[in-house]
Amino acid sequence: MELKIKYFNELNTVELYELLKARAEIFVVEQNCVYQDLDDLDYDSLHIFYEEAGKVIAYLRAFRKDEETIQVGRVLTVTHGTGLGGKLLKEGIKQIRDIMNPKCIFIKAQCYAIGYYEREGFKVCSDEFLEDGIPHVQMQLEF
């Protein structure tokens, strides 16, 4: 298993294909959610992922929401219950801090995952809302 941290223009075509395939597998197929995944934010995102045998097995992207805030999204693991998600989030936060130097990390979290983010220090900062038919809350991690 290898950790990779790349901006969009650094991704090769196989890496891009594999991360898009993983996103479709989790968000479209597993969660049965039809939405526009390719939203142009990937171009300006830092892509942080674990790869094993040429496959993306855990992934998140980070992009600048404003001058002081980095937004994280598309957080996934292909296999659940292994602890890889926690490892990805912890390493992702470290890389975002080191590379992007934000004062805050922001996420729109699916409600079932609130505890996952709280373990790394995120705090809920909104009421529940629906996004693509799935209950979400906004969360922040301040430094």
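The single condition among (1) farther than 20 Å from Asn9 by Cα; (2) at pLDDT below 95 that Leu38 does not satisfy is (1). If you go through region 78-126 and keep only what is farther than 19 Å from Asp42 by Cβ, touching a residue at least 40 places away in the same chain (Cβ under 8 Å) and in contact with a Leu (Cβ under 9 Å, 6 or more places away or on another chain), you end up with Glu91, Ile93. Among the residues of region 31-55, just one is of a type in the set (Val, Ile, Thr) and closer than 24 Å to Leu141 by Cβ, namely Ile48.
Which of the residues belonging to region 5-59 are of a type in the set (Ser, Thr, Tyr), surrounded by fewer than 17 Cβ atoms within 10 Å (Cβ to Cβ) and part of a loop (DSSP other than H, G, I, E, B)? Step through it out loud before you land on a result.
Taking region 5-59 and keeping what is of a type in the set (Ser, Thr, Tyr), we get 7, 13, 17, 35, 43, 45, 50, 59.
Now narrow it down to the ones that are surrounded by fewer than 17 Cβ atoms within 10 Å (Cβ to Cβ): 7, 13, 17, 35, 43.
Of everything in region 5-59, just one residue is of a type in the set (Ser, Thr, Tyr), surrounded by fewer than 17 Cβ atoms within 10 Å (Cβ to Cβ) and part of a loop (DSSP other than H, G, I, E, B), namely Tyr35.
Residues in region 60-92 that are closer than 19 Å to Glu2 by Cα, under 10 Å from the mean Cα position of the chain (by Cα) and either among the hydrophobic types (A, V, I, L, M, F, W, C) or surrounded by fewer than 13 Cβ atoms within 10 Å (Cβ to Cβ) (or both): Leu60, Ala62, Val75, Leu76, Leu88, Leu89.
If a residue must be in a strand (DSSP E or B) and either surrounded by fewer than 18 Cβ atoms within 10 Å (Cβ to Cβ) or of a type in the set (Gly, Ala, Ser) (or both), how many such residues does region 93-109 contain? Spell out the reasoning first.
Narrowing region 93-109 to residues in a strand (DSSP E or B): 104-109.
Now restrict to residues that are either surrounded by fewer than 18 Cβ atoms within 10 Å (Cβ to Cβ) or of a type in the set (Gly, Ala, Ser) (or both): 104, 108-109.
Counting residues in region 93-109 that are in a strand (DSSP E or B) and either surrounded by fewer than 18 Cβ atoms within 10 Å (Cβ to Cβ) or of a type in the set (Gly, Ala, Ser) (or both) gives 3.
Of all residues in region 34-58, those satisfying the criterion of being touching a residue at least 40 places away in the same chain (Cβ under 8 Å) and within 15 Å of Val75 (Cα to Cα) are Leu46, His47, Ile48, Phe49, Tyr50, Glu51, Val56, Ile57.
Filtering region 60-84 to residues that are of a type in the set (Lys, Arg) and assigned to a strand (DSSP E or B) leaves Arg61, Arg64, Arg74. Looking across region 111-140 at every residue that is closer than 18 Å to Gly83 by Cα and either assigned to a strand (DSSP E or B) or aliphatic (A, V, I, L, M) (or both), the one that is modelled with the lowest pLDDT is identified as Ala113. Summed over region 86-115, residues that are in contact with a Pro (Cβ under 7 Å, 6 or more places away or on another chain) and of a type in the set (Phe, Trp, Tyr) total 0.
The values are calculated or read from the model by the stated rules, or taken from the named source; none is laboratory data. Bear in mind that the values here come from a model prediction, so they are computed numbers and not experimental data. Glycine gets a Cβ as well: all are built from the backbone with ideal geometry, and neighbour counts include every protein chain shown.
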